[in-house]
Amino acid sequence: MPHTLAYPRSYAKGQTTTEIVESIKKLYDVDISSSLISRVTDNILEDITTWQNRPLSSVYPIVYLDCIVVKVRQDKQIINKTIYLALGVGLDGRKELFGMWLSENEGAKFWLGVLTELQNRGVQDILMACVDGLKGFPDAINTVYPNAQVQLCIVHMVRYSMKFVPWTDKKAVAADLKAIYCADTLEWDGLSLSRRGSRVRVPSAAPFSVVLENEFRLLSLSKFRLKH
């Protein structure tokens with residue numbers, strides 16, 4: 001029945017059992033009890049727990065570790081919460097959400113716990129982990145998966161790098177950075193960094209210094225690019 005499908009949707013949006021009862025009555029003119037809503041949502045929570053602890057494949061070529069901000073109900077208030085996500089790309093090319101975690105603070109120690117959980121659920125190897133520039137994040141990844149390549153988020157790094165560039169140089173520097181990130185080989189990238197960093201004015205050299213400091217983790221993808 002249509003109204004039974006509304007129970008989990010309403011619950012997920014943060015409505016209380018009383019609010020759900022009132023909504024169902026208004027929309028479908030059906031009388032239900034709060035206890036029925038509680039039983040339905042309890043069953044859903046059991047399914048969620050099963051999903052959270054399900055076994056995973058042994059190898060994933062790519063794993064993305066990031067977060068999103070969502071609105072949740074807490075103490076009868078709707079507040080913003082950060083949800084941390086682990087998304088893997090399997091050997092068949094399909095994306096799989098490993099899980100979602102809540103934490104008051106994002107840090108390398110927190111992610112180390114997530115990665116350890118993934119290992120306990122069967123993930124033996126990750127070829128490449130794609131992450132932002134959180135301090136200590138790459139080390140946390142390599143603690144659990146020592147052979148994993150770490151690719152830092154290029155978008156984050158470009159935005160950070162461009163903060164050091166005068167307005168008059170932004171277009172040229174952005175083009176140079178793009179050429180570096182799109183390089184076919186890591187060796188070519190290193191030469192490019194030296195050439196480009198030396199031919200721009202001193203204030204604009206900062207973004208290239210940022211790239212040099214993070215070169216191996218910013219350009220990890222270059223190791224896997226196909227040569228034509």
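The values are calculated or read from the model by the stated rules, or taken from the named source; none is laboratory data. Note that the coordinates shown come from a computational prediction; the quantities given were computed from them, not determined experimentally. A quick note on method: Cβ atoms are made from the backbone with ideal geometry, for glycine too, and the neighbour counts reach across all protein chains shown.
For the list (1) exposed (fewer than 15 other Cβ atoms within 10 Å of the Cβ); (2) at pLDDT 90 or above; (3) within 18 Å of the chain's Cα centre (by Cα); (4) of a type in the set (Asp, Glu), I need the number of the one condition that ASP132 fails.
So ASP132 meets the others, but not (2).
Read through the list (1) polar (S, T, N, Q); (2) assigned to a strand (DSSP E or B); (3) closer than 29 Å to ILE48 by Cα, then give the number of the only condition that GLN151 fails.
(3)
Of these, VAL123, VAL72, which one is farther than 29 Å from SER161 by Cα and in a strand (DSSP E or B)? Give the steps one after another, and end with the answer.
Details: VAL123 fails: in a strand (DSSP E or B).
None of the other options fit; the residue is VAL72.
Go through the residues of the stretch 42-58 one by one and say whether even a single one is surrounded by 17 or more Cβ atoms within 10 Å (Cβ to Cβ) and either closer than 30 Å to VAL158 by Cβ or β-branched (Val, Ile, Thr) (or both). Before the answer, list the steps.
If we filter the stretch 42-58 for residues that are surrounded by 17 or more Cβ atoms within 10 Å (Cβ to Cβ), which is where we start, we get 56.
Within this subset, residues satisfying the condition of being either closer than 30 Å to VAL158 by Cβ or β-branched (Val, Ile, Thr) (or both) are none.
Checked against the condition, which is being surrounded by 17 or more Cβ atoms within 10 Å (Cβ to Cβ) and either closer than 30 Å to VAL158 by Cβ or β-branched (Val, Ile, Thr) (or both), the stretch 42-58 yields no hits at all.
Has the stretch 46-53 got any residue that is in a helix (DSSP H, G or I) and among the hydroxyl-bearing types (Ser, Thr, Tyr)? Steps first, please.
Let us first name the residues in the stretch 46-53 that are in a helix (DSSP H, G or I), namely 46-52.
Next cut, among the hydroxyl-bearing types (Ser, Thr, Tyr) only: 49-50.
Checked the stretch 46-53: at least one residue is in a helix (DSSP H, G or I) and among the hydroxyl-bearing types (Ser, Thr, Tyr).
Restricting to the stretch 1-21, what's the tally of residues that are charged (D, E, K, R) and modelled with pLDDT under 75? Break it down into steps so the answer makes sense when it comes.
First pass over the stretch 1-21, keeping only residues charged (D, E, K, R): 9, 13, 19.
Applying the additional criterion that residues be modelled with pLDDT under 75 yields 9, 13.
Residues flagged as charged (D, E, K, R) and modelled with pLDDT under 75 within the stretch 1-21 amount to 2.
What single numbered condition from (1) in contact with a strand residue (DSSP E or B) (Cβ under 9 Å, 6 or more places away or on another chain); (2) at pLDDT below 95; (3) loosely packed, with under 15 Cβ neighbours inside 10 Å fails to hold for TYR84?
For TYR84, the exception is condition (3).
Is at least one residue of the stretch 59-76 at positive phi and surrounded by fewer than 14 Cβ atoms within 10 Å (Cβ to Cβ)?
Going residue by residue through the stretch 59-76, those that are at positive phi are 75-76.
Now narrow it down to the ones that are surrounded by fewer than 14 Cβ atoms within 10 Å (Cβ to Cβ): 75-76.
There is at least one residue in the stretch 59-76 that is at positive phi and surrounded by fewer than 14 Cβ atoms within 10 Å (Cβ to Cβ).
Looking at VAL114, VAL158, which one is assigned by TED's automatic domain parsing to the domain that holds ALA174 and not in a strand (DSSP E or B)? Break it down into steps so the answer makes sense when it comes.
Working: VAL114 fails: assigned by TED's automatic domain parsing to the domain that holds ALA174.
Exactly one residue qualifies, and that residue is VAL158.
Looking at ILE24, is it at pLDDT 75 or above, of a type outside the set (Ser, Thr, Tyr), surrounded by 13 or more Cβ atoms within 10 Å (Cβ to Cβ) and not assigned by TED's automatic domain parsing to the domain that holds LEU85?
Yes, satisfied.
Please state which one of LEU56, LEU36 is modelled with pLDDT of 80 or more and either farther than 30 Å from ALA129 by Cβ or assigned to a helix (DSSP H, G or I) (or both). Give the steps one after another, and end with the answer.
Numbers: LEU56 fails: either farther than 30 Å from ALA129 by Cβ or assigned to a helix (DSSP H, G or I) (or both).
After applying the criteria, what remains is LEU36.
Give me the pairs, please: first residue somewhere in the stretch 33-53 and in contact (Cβ under 8 Å) with a residue 12 or more places away in the chain and under 30 Å from LEU118 (Cβ atoms), second residue anywhere and in a helix (DSSP H, G or I) and among the aromatic types (Phe, Trp, Tyr), beta-carbon distance under 8 Å, and either six or more positions apart or on two chains.
THR41/TYR7; THR41/TYR11; ILE44/TYR11
Restricting to the stretch 83-121, name every residue that is of a type in the set (S, T, N, Q) and touching a helix residue (DSSP H, G or I) at 6+ places or on another chain (Cβ under 8 Å). Write out each step before concluding.
Initially, the stretch 83-121 is screened for residues of a type in the set (S, T, N, Q), giving 103, 105, 116, 119-120.
Matches in the stretch 83-121: SER103, THR116, GLN119.
Scan (1) modelled with pLDDT of 80 or more; (2) within 16 Å of the chain's Cα centre (by Cα); (3) surrounded by fewer than 16 Cβ atoms within 10 Å (Cβ to Cβ); (4) not in a strand (DSSP E or B) for the single condition ASN105 breaks and write down its number.
Failed condition: (1).
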